[in-house]
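The values are calculated or read from the model by the stated rules, or taken from the named source; none is laboratory data. Model, not experiment: these values are computed from the prediction. Quick reminder, even Gly has a Cβ in these numbers, built from the backbone with ideal geometry, and neighbours come from all protein chains shown. To get the accessible areas, we keep the full protein, side chains included, count just its heavy atoms, and leave off ligands, DNA and RNA. Shrake-Rupley method; radii C 1.70, N 1.55, O 1.52, S 1.80 Å.
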Amino acid sequence: DMGGFMARCLGFMLKGAPPPAPRSRGVTSWPSRIMEWSMLQQMEACGLPHAYFHGAFLEGANQALRFAAEAIGEPEMLRDAGSPLEAELRAYMRDPVGILDGHGLELIWDIEEVLSMQLGFLHLVYGATRSRGVEALGGDAFRWQMGRSGTTVLLGEADMPEGSMPRFTDALFIAQNRGGIICADAFITARQRLMLGPKGTADVGEGDGSSEIKVLCTTTHLVRMEAELLPGPEYDEARGWCLADLNLALRGNCFSKKFPDIKHR
């Protein structure tokens, strides 16, 4: 209903996400820095150098955020399977936009100015991808996460003959040769304007305001981007990146979370 949509709107676009801790000396813990360095080393082995994630990646996340903002006012963009929005995120956004359309309303979400961009959490999943699924695992898949390292492997029953679990390093080698997924977060702080009104009138900067709701605010958005790895592993440049989640609306939308923990097999 309309009330439910407005609740989504506030959480999804206005509230955003808690900003990351400043990276000034002494604020970010050494374990966190070491983990980030370790993840960046793995990314570099996949063909993505350190500098990429502090430059081109952040700009790509910015463009993905702007695409999502534009798609809110253009429902057809949320039906396009070729868009940079992952399918589950498209579906999440499509429902409330349909409710608005049914009430003769439209929403304009305008990212006026980006004030800062910062790299956030990095996560690697080896063993399967969204596009190829888990067929290569020969049936049921299980998730094995190495502590809080940011690395997860997906294994099948065939990888554990007679129920024995391999060493994590062996499991990692097996999984890497099946490809995988890169998840990378960007924190983007932006000045934005939202306007809700009857179709054709909710145009940013226009209208007499008599039948419109306008909000101007500064918000930090958590933009979760996802890319696939070819066996090797190697970054799949032809497929590129997609926007998998925004402000944790889908609780991260992590592909590996669809499978049970290996401890519960």
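A few comments on the model shown:
- Cα gyration tensor shape for the range 91-151, rounded if a/c is under 1.5, else prolate or oblate: oblate
- Averaged over residues, the count of other Cβ atoms within 10 Å places the peptides 40-50, 222-232 in the sequence 222-232, 40-50, highest first.
- For the range 77-162: relative contact order, % (alpha-carbon pairs under 8 angstrom, 6 or more apart): 19
- Cα shape, the range 38-144, gyration tensor, a/c 1.5 rule: oblate
- Candidate lysines for bridging to residue 15, where Cα separation is under 19 Å - those fewer than 8 sequence places away on the same chain excluded: 214
- Per-residue SASA remark: residue 123, around 20 Å² accessible (1.4 Å probe; ligands, DNA and RNA not included).
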